[in-house]
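This report refers to the structure that appears directly beneath it.
The values are calculated or read from the model by the stated rules, or taken from the named source; none is laboratory data. Fair warning: this is a prediction, and the values are worked out from it, not measured in the lab. Quick reminder, even Gly has a Cβ in these numbers, built from the backbone with ideal geometry, and neighbours come from all protein chains shown.
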């Protein structure tokens with residue numbers, strides 16, 4: 001187990017046609033030197049983007065590795081299987097070490113009643129005033145609010161777990177970075193919803 005971790009600051013490089021890897025890495029190296037802190041490059045490309053430009057996850061990995069070698073870069077870097085789900089993750093597993101799990105399509109799907117009940121029991125300790133560091137005004141959490149969050153988001157959260165475990169079977173625990181995407185939706189999540197999603 002590697003216990004892979006990403007640095008505090010990262011930057012996604014979306015080189016759609018796989019021709020700008022060295023230039024993008026050089027820009028991040030210069031930015032890191034100018035700013036005085038490390039910026040971790042993450043080469044990202046979604047299944048949709050691969051389909052549009054007729055590329056593969058292997059192409060993205062090759063571009064990243066070639067740029068790193070050409071510039072003698074010694075820092076951490078990652079290749080992101082961007083906005084993937086269970087229907088397309090397998091083609092990325094061998095080449096990626098960062099996975100953006102896109103579960104936005106599952107928001108609003110209903111989890112099993114027993115799972116909703118378990119969510120309510122687990123989170124009932126937050127009923128009342130919820131103080132979140134960095135936010136001045138507390139949130140009023142009621143059982144109705146918890147129920148609403150569970151009905152709207154629990155199934156999507158469970159789907160993220162299913163994708164994660166699928167990747168973990170192949171890559172092993174601690175050998176990849178995960179980001180969960182629920183942001184490409186019509187209605188953004190509120191801070192209190194994000195608290196319970198996380």
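Among the residues of segment 178-198, those that are in contact with a strand residue (DSSP E or B) (Cβ under 6 Å, 6 or more places away or on another chain) and closer than 17 Å to residue 85 by Cβ comprise 178, 179, 180, 181. Condition first: surrounded by fewer than 17 Cβ atoms within 10 Å (Cβ to Cβ) and either assigned to a loop (DSSP other than H, G, I, E, B) or under 15 Å from the mean Cα position of the chain (by Cα) (or both). Now tell me which residues in segment 167-180 satisfy that. Result: 168, 172, 173, 174, 175, 178. Annotation: residue 126 fulfils all but one of (1) modelled with pLDDT of 95 or more; (2) closer than 26 Å to residue 170 by Cα; (3) touching a strand residue (DSSP E or B) at 6+ places or on another chain (Cβ under 6 Å); the unmet one is (2). Of the residues in segment 124-132, at least one is under 23 Å from the mean Cα position of the chain (by Cα) and assigned to a loop (DSSP other than H, G, I, E, B). Among the residues of this structure, residue 21 counts as one that is over 22 Å from residue 103 (Cα atoms), in contact (Cβ under 8 Å) with a residue 40 or more places away in the chain and buried (at least 19 other Cβ atoms within 10 Å of the Cβ).
Within segment 32-53, the set of residues being closer than 18 Å to residue 75 by Cβ and loosely packed, with under 14 Cβ neighbours inside 10 Å comprises 33, 34, 35, 36, 37.
The set of residues in segment 54-76 being more than 20 Å from residue 93 (Cα to Cα) and buried (at least 16 other Cβ atoms within 10 Å of the Cβ) consists of 67, 68, 73. Is it the case that residue 141 is touching a strand residue (DSSP E or B) at 6+ places or on another chain (Cβ under 8 Å), surrounded by fewer than 17 Cβ atoms within 10 Å (Cβ to Cβ) and modelled with pLDDT of 95 or more? The answer is no for residue 141. Taking segment 31-115 and the strands (runs of 3 or more DSSP E) fully enclosed by it, the elements with 1 or more residues that are without any contact (Cβ under 8 Å) to a residue 40 or more places away in the chain and touching a helix residue (DSSP H, G or I) at 6+ places or on another chain (Cβ under 7 Å) are at 40-46, 78-84.
Residue count for segment 1-24, restricted to those that are out of contact with any strand residue (DSSP E or B) (no Cβ under 6 Å at 6 or more places or on another chain) and part of a helix (DSSP H, G or I): 3.
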